[in-house]
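**Q** Quick one: structure below, then a few questions.
The values are calculated or read from the model by the stated rules, or taken from the named source; none is laboratory data. Worth saying up front: this structure is predicted, and the values here are computed from it rather than measured. Cβ atoms come from the backbone with ideal geometry, glycine included; neighbour counts cover every protein chain shown. Side chains are part of the model used for accessible areas, which takes the heavy atoms of the whole protein and leaves out ligands, DNA and RNA. Shrake-Rupley method; radii C 1.70, N 1.55, O 1.52, S 1.80 Å.
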Amino acid sequence: QVQLVESGGDLVQPGGSLRLSCAASGSISTLGWYRQPPGKQREVVAIIYSDGNTYLEDSVRGRFTIARDNTKNILYLQMDSLKPEDTAVYYCNTIQGSMRGIWGQGTQVTVSS
């Protein structure tokens, strides 16, 4: 079974930046970042495919960047110009894992003054 561990969440002021990391147990072709704001449904944030193409949700496009280091098997989410609406628990997952409802602990991102 694929093992994914998120880290890097923190309290940050609006307009600030944060980088999340996801350590994977093996090399995985397609990975994504998801988030669940307080009291809301979980949603996809960004996806990086095996060919390097990426998908970004409309509200984060231009502010967030998804990338991966294949030598270290680490997935990153660089978050800039953070807004209070970005406050959520952030998760990394495979597409299959997300469809099956298998999630890790996630990492808390809080954007507040």
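**Q** Assign unit charges at the C-beta atoms only (+1 for Lys and Arg, -1 for Asp and Glu), then state the dipole size of the chain relative to its Cα centre in Debye, rounded to the nearest 20.
**A** That gives the chain a dipole magnitude of about 140 debye.
**Q** Further question: Applying the Karplus parametrisation 6.51 cos²θ - 1.76 cosθ + 1.60 with θ = phi - 60° to the phi angles of region 35-43, what ³J(HN,Hα) value in whole Hz is obtained for each residue in order, glycine and proline being reported as x?
**A** With the stated coefficients, region 35-43 comes to 8, 10, x, x, x, 10, 6, 5, 9 Hz.
**Q** Taking the solvent-accessible surface of protein heavy atoms with a 1.4 Å probe, what is the per residue accessible area of region 6-113 in Å²? Spell out each step's value before the answer.
**A** Details: 5740 Å² over 108 residues.
Value returned for region 6-113: 53 Å² of accessible area per residue.
**Q** Okay, which of region 1-28 sit inside 17 Å, backbone N to the point 7 Å along the Cα-Cβ direction of residue 105?
**A** 3-11, 20-25
**Q** Now for a separate question. In the chain, carbon and sulfur make up what percent of the accessible area (probe 1.4 Å)?
**A** Answer for the chain is 46 percent, counting heavy atoms of protein chains only.
**Q** Further, regarding this structure: Just to check I understand the Karplus step: with θ = phi - 60° and J = 6.51 cos²θ - 1.76 cosθ + 1.60, what whole-Hz values come out for region 96-103, glycine and proline as x?
**A** 5, x, 5, 5, 8, x, 9, 10
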